[in-house]
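Accompanying notes for the structure given below.
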Amino acid sequence: MLIISVILLGFFIPAMNSQEISQYIQDVWRNVTLPHHDACVIESQIDPLIAETWLRDFHMPDDDYFGCFLKCLYSSLNFMRSDGTFDQHEIVDVAHYMDHDMAEMCLENIDVEENLCKKSYNLCWCVVHALAEWPEEY
Ligand SMILES: *[C@@H]1O[C@H](CO)[C@@H](O)[C@H](O)[C@H]1NC(C)=O
């Protein structure tokens, strides 16, 4: 029983602690996306409450609304080019809480997904988990 508890704790405590994004990163994201936020909420028809709170709450619904909301932001910020590929230099330049290693890791193999909303979701998911798991590095 003790061993099982130790194993469970070992799994769940780090997992729970890591589901969090620093206030600084939340602030940078808010600043960067603010000029496009409202237009992208309308375009994607995402629930405005989720659009407002997803990063704070670590809540990333795997649906078209959220994916297309991200795609709209990424396109507006020129993170995504008109051909649907991502511009790593632009991303790291603007979202400066990321470095090239992280961007490269998250952009690796990303073009296999052809649905641009889903592709945006995949990028976001990767970045947010990387930021949460190695907060001391970013
Ligand atoms: C966000 O923008 C505000 C207002 O321009 C600025 O004071 C603040 O330093 C910015 N925060 C970050 C983390 O960039």
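The values are calculated or read from the model by the stated rules, or taken from the named source; none is laboratory data. Since this is a predicted model, take the numbers as computed values, not measurements. Cβ atoms come from the backbone with ideal geometry, glycine included; neighbour counts cover every protein chain shown.
See the values below:
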read-out	value
Extreme residue, nearest to Lys119 (Cα to Cα), among residues of the range 75-99 that are hydroxyl-bearing (Ser, Thr, Tyr) and surrounded by fewer than 16 Cβ atoms within 10 Å (Cβ to Cβ)	Thr85
Residue among Cys68, Cys124, Cys72 that is crowded, with 17+ Cβ neighbours inside 10 Å, more than 19 Å from Val28 (Cβ to Cβ) and modelled with pLDDT of 95 or more	Cys68
Inter-residue pairs, beta-carbon under 6 Å, first touching a residue at least 12 places away in the same chain (Cβ under 8 Å) and in the range 52-68, second surrounded by 14 or more Cβ atoms within 10 Å (Cβ to Cβ) and charged (D, E, K, R), 6+ apart	Gly67/Lys118
Hits in the range 17-44 - residues which are of a type outside the set (Asp, Glu) and more than 16 Å from the ligand (Cβ to nearest atom)	Asn17, Ser18, Gln19, Ala39, Cys40, Val41, Ile42, Ser44
Residues (at pLDDT 95 or above, hydroxyl-bearing (Ser, Thr, Tyr) and loosely packed, with under 11 Cβ neighbours inside 10 Å) located in the range 1-43	none
